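Written below as structure tokens is the structure these notes are about.
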Amino acid sequence: MSKSKTEFVFVSLKSFILTGICFFVLFANLAYAQTAEQGSVETDKKISQDVVSPGDDLQAVLDRGDDLLLKKGCVYEIKKTLKYTAPRQKITTKDAEHISEYATLRIADANLMQLIDSAQQNYVVLEKVILDGNRYNLGTVAKNEVTGGGSQPPMVFFGCPDVGDKKVVNRVSGQKVADCVFMSTRTWSSLQVREGASGCIVENNIFIGAGVDPRGNGRQKDEVPFAWGDAISCAAEKSVVRNNLMLDPTDAALVFYGAPGSIAEDNVIATISRESLGAMNLVDPIVYNLDEKQTRYDYRGTILRNNYIDAFGARIHIAFPMGPGVWVPANKDKILVGAIICGNTIAGGAAAYGFIVNGVDDFNVYDNKSIANYSGIAEGQRNQPPDEPGPFIYDPQRMGNSKLQKEFVPCERHVLHLLRCNHGKTNELGYRIYTYGEYEIRAVINAAYLEMLGREPSQKEMEDNIDWLQKTQSTADQLRRKLLETKEFKSKFGEVASEDLHPYRIKLWINIFDKIRREYMKDKGRMPTAKEMYLTAISRLDRTEHKPVDASTLNKKVMCGYQGWYRAPGDGTGRDWVHWRDRNENFWPGRCGVDYWPDMSEMDQDEKYRPNQFFHKDGSVAYVYSSANEKTTVRHFKWMRDYGIDGVFVQRFVMEVTNEQDEPAILSRVGYNKVLEHCRKGANKYGRTYAIMYDLSGMPGNYIDQAMNDFRYLVDIMKITRDPEDKAYQHHRGKPVIGIWGVGFSDNRNYTLEEVEKFVDFLKNDPKYGGNTVLLGTPVYWRSLERDASKDARWLDVYRKADIISPWMIGRVRDINDIQPMIKNVIADDIKWCRENNLEYLPVVFPGFSWKNLTGKDRPIPRRGGQFLWAQYRELVNAGATMIYQAMFDELDEGTQIYKVTNNPPVGDSNFVTYEGLPSDHYLWLVGQGGKMLRGEIPQDFPKRE
């Protein structure tokens, strides 16, 4: 797909050679733009005293040389292009500050495509106006070329036009477009700033929708394919494009046609519902030719920096294409010269290709970052597939003397035509059909649910829609229209006609942006940056009200144990495969330490870590995660919220957080601190609770002071239990809860009763660090001092000093039939004893057990599809339990986890257990139901899932 737009002039620059090095061009550019912005744009203007009303002759005002001052909030129907007639003229809404106050200039003639023409006037200004192409009422104007942009005028035109084959003699300077909203463009570009101009400024604008993507998303009901479009097309020299927010372009958000010395900085580009072929394009060999053979084109001093690109809900085919061949293989022998690309970020789940280099010279690409997911191979050339998607790829034969950051990898096949828009099959409307990428399809569905229903899809909704979209090759628009018809949408937002989908969406986004800008002005005395506004808006798409868990009490709570102990190479902890490996520290098929394999389908690419030689049945790589990855741990708290689980006890292993004998020990402590910080963030973000539980396992004698020092560190340095902004830390009886696990066992532990008692006294009574509610994790037979418990009767006095007793039940019951006898013979009297001694009783439940891969012992405790776990909940509630400890949220080693694991584990020498065909979220759901039963909200019968 070429950008051969006919109005651009092929220029031979025989007599025009840019001199000086790149920095000279950059500083000249900045000085020029600053002069344009601060100088004559704002001074020596003739200002009209009259505000025009809808129905007035707007062009007559401009013809007089006056500024065109529009009334706040009014809509002006435009049937003929408005043209500036004098230097320094301004079109603006008088006294408007907020978007909702802007006047709207709206196309009202079905044959009109261009709203505004700067008419080669110097220093003219367009600001604080909504520019409405009215696409969804008027449709588009037919054109001969139907497979891309070009051959039509832009909605707003700045710069110089063509005169035959010659460029206009008089050049224009200092034109400015600021604080406007562009929407519903009917043509190939919302804003064009042509060659022949310099020192122009495009800043602080919002663009919502430009064109239709190859699948037909964004289409007006009567449109003929294709009509994709840019947000901004710029060939002007020494100009600045900054702090603009561009949603849903379809050709590219910003195209620099050479534009030597121009800068694009601090912009945000996001695909919410429509695919965009590019985000920021440096691909066109059209103007600013450097040689007679027309093979080298001038991009010297052209800079793309600090821009944020988010493939949030639709594919961005190539975020930063650099070089003609990436876009059009026929141009692969042409070279672009001299651009700088630095400090940019690519994010989102629907990315395809990131920073791609093929056909450049003297480019400098550095300090860019990718946090996106990439999927869905491009078309490439017929019968010649290109490289698989990825963030940094270059052709080593076509990079010239360029400098590329270290993340770049050479292409394996080729990086020509990395688009999906020309060769795919077409549907009945003529739009392209392609299989969605692995990550892309999840992003499409998630964005549609957030935008239309104000919430994320459930796991079942996600899986059902993946199946539907892939089988039917339906579009994101079709999914949104399906959601429009649901009872949920109508009850939340009212009736919206199918053909009004995009006008509804535009209104939704404008209202969100307007509210955010008002809040910033009120609270901070300034407007938000484009990135601040965008990220805040994305966070507000989820309009579901989630009541935070009451962190003041454990009563009627289900609290999970959270190990947080999985590590992987590359996770930043310096620890390799911790708890994935077996007891001999091996992790490969036949030698591993987990019996289940985590479900990684929802994880982003930067949450996936590739172990050695583990593959699924279809040959795909079996990845694992790291608890040290913030996204993953915070995601776990989202799951807790989604399924109604109250919170977690974050395990704090004394020998992992206090031992400093060598580097691995120090790294271990740092890793656990990091996980704890992630848990705090996740709990606060998703309205869950968390508390610390010290695990004394493996602790030597005379060591308890080290555990106490660690708690001092948590309080003094990490502000655990003391941070007024931390609303999620779990309290009970008016005090923070601290657990100590491993108390009173009979297995010859090296630490003593006296040391445990000292720790309890410290946590309860220390003048600075005391004042806590103390939970003790004990053996099952703690009260009777038999079997798994120490026979030393002094332990009963230690227990009385605590506040909560929580006996470890794992393996003490092995079948449903064991539960009632355990309740009758042990637990009922435990509860009674605790009440008599003013203690709380926190019983432990578990879903099943398996640790063959870790130990070689094959004696599992079957889950029975959740019946075993549910029977524990039911009998404990009937026995009078008021709170429950769920073991465990994430314990794959012993197979007690309740979080999502796959039914498609790796094949090979290690045998893995599954949930036997049940959904991967089955036990999360079931534990949430257990909490409801504990609170008396549902019957005690085994629940049925809809």
For Asp367, tell me the accessible area in Å² from a 1.4 Å probe, rounded to the nearest 10.
-> 110
How many Å³ per residue does the convex hull of the Cα positions in the chain occupy?
-> 181
Based on the mean of other beta carbon atoms within 10 Å per residue, what is the order of 351-358, 620-627, most packed first?
-> 351-358, 620-627
Please give the peptides 886-892, 478-484, 73-79 ranked by average Cβ packing (other Cβ atoms within 10 Å per residue), highest first, as a rough proxy for protection.
-> 886-892, 478-484, 73-79
Under a straight-distance cross-link criterion of Cα-Cα below 12 Å, which aspartates and glutamates are reachable from Lys460, leaving out those fewer than 8 residues away in the same chain?
-> Asp921, Glu946
Of the accessible area of the stretch 407-455, with the probe set at 1.4 angstrom, what percent is carbon plus sulfur?
-> 49
Mean separation of Cα contacts under 8 Å, 6 or more apart, over the residue count of the stretch 790-919: relative contact order % | 24
Loop sites in the stretch 609-692: GluC sites (Glu not before Pro), DSSP, at most 11 other Cβ within 10 Å = Glu660
From largest accessible area down, sort Trp588, Trp833; use a 1.4 Å probe on the protein chains.
-> Trp588, Trp833
Can you list the lysines whose alpha carbon is less than 26 Å from that of Lys522, not counting same-chain residues fewer than 8 positions off?
-> Lys71, Lys72, Lys94, Lys128, Lys507, Lys531, Lys685, Lys727
Share of Cα-Cα pairs in the stretch 700-844 beyond 17 Å, in percent?
-> 63
Extension gain, Glu663 back to Lys369 (0.36 nm per residue minus Cα-Cα distance, nm) = 102.9 nm
Relative contact order in percent for the stretch 824-895 (Cα pairs under 8 Å, 6+ apart) equals 40
Which order do Met527, Met809 take by accessible area at a 1.4 Å probe, largest first?
-> Met527, Met809
Whole-Å distance, taken between Cα centres, linking the stretch 47-103 and the stretch 388-460 | 42
Filter the trypsin sites (Lys or Arg not before Pro) in the stretch 758-861 down to the DSSP loop ones having no more than 15 other Cβ atoms within 10 Å, then list what survives.
-> Lys768, Arg787, Lys791, Arg814, Lys857
Expressed as a whole number of Å, what is the distance separating the alpha-carbon centroids of the stretch 551-625 and the stretch 327-387?
-> 32
For the chain, size of Cβ-based charge dipole, Lys and Arg +1, Asp and Glu -1, in debye | 940
What does the helix-only formula give at 222 nm for the chain: each DSSP H stretch with n ≥ 4 adding -39500 (n - 2.57), the total divided by the residues, and the result rounded to the nearest 500 deg cm²/dmol?
-> -7500 deg cm²/dmol
So, with +1 on the Cβ of K and R and -1 on the Cβ of D and E, and no other charges, what is the size of the charge dipole of the stretch 231-285 about its Cα centre, to the nearest 20 debye?
-> 100
Measure out, as a whole number of angstrom, how far apart the alpha-carbon centroids of the stretch 697-716 and the stretch 277-301 sit.
-> 64
Theoretical gain in end-to-end length, Asp618 to Arg591 [0.36 nm per residue, Cα-Cα removed] = 7.6 nm
Using 1/(1 + (r/R0)^6) with R0 = 60 angstrom and r between the beta carbons of Glu519 and Ser697, what's the FRET efficiency to the nearest 0.05?
-> 0.75
Give the span of the stretch 328-402's Cα atoms along each principal axis, as three whole-Å numbers ordered largest to smallest.
-> 36, 32, 16
Give the accessible area for Asp815 in Å² (nearest 10); use a 1.4 Å probe, count only protein heavy atoms, and leave out ligands, DNA and RNA.
-> 50
Which percent of the accessible area of the stretch 639-782 is formed by carbon and sulfur heavy atoms (probe 1.4 angstrom)?
-> 48
Accessible area of the chain divided out per residue, in Å², using a probe of 1.4 angstrom = 38
Given the Cα-Cα distance of Trp468 and Lys857 and 0.36 nm per residue of separation, how much length would full extension add, in nm?
-> 135.7 nm
Over 31 Å (Cα to Cα) - which of Lys556/Lys944; Lys681/Lys791; Lys83/Lys238 fall in this group | Lys681/Lys791
Could you check how much of the accessible area of the stretch 251-398 is carbon and sulfur, as a whole percent, using a 1.4 Å probe?
-> 43
Arrange the peptides 727-733, 54-60, 130-136, 802-808 so that the one whose residues have, on average, the most other Cβ atoms within 10 Å appears first.
-> 130-136, 802-808, 727-733, 54-60
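The values are calculated or read from the model by the stated rules, or taken from the named source; none is laboratory data. Just so we're clear, the structure is a prediction, and the values are computed from it rather than from any experiment. We place every Cβ from the backbone using ideal geometry, glycine too, and count neighbours over all the protein chains shown. Heavy atoms of the whole protein, side chains included, go into the accessibility calculation; ligands, DNA and RNA do not. Shrake-Rupley method; radii C 1.70, N 1.55, O 1.52, S 1.80 Å.
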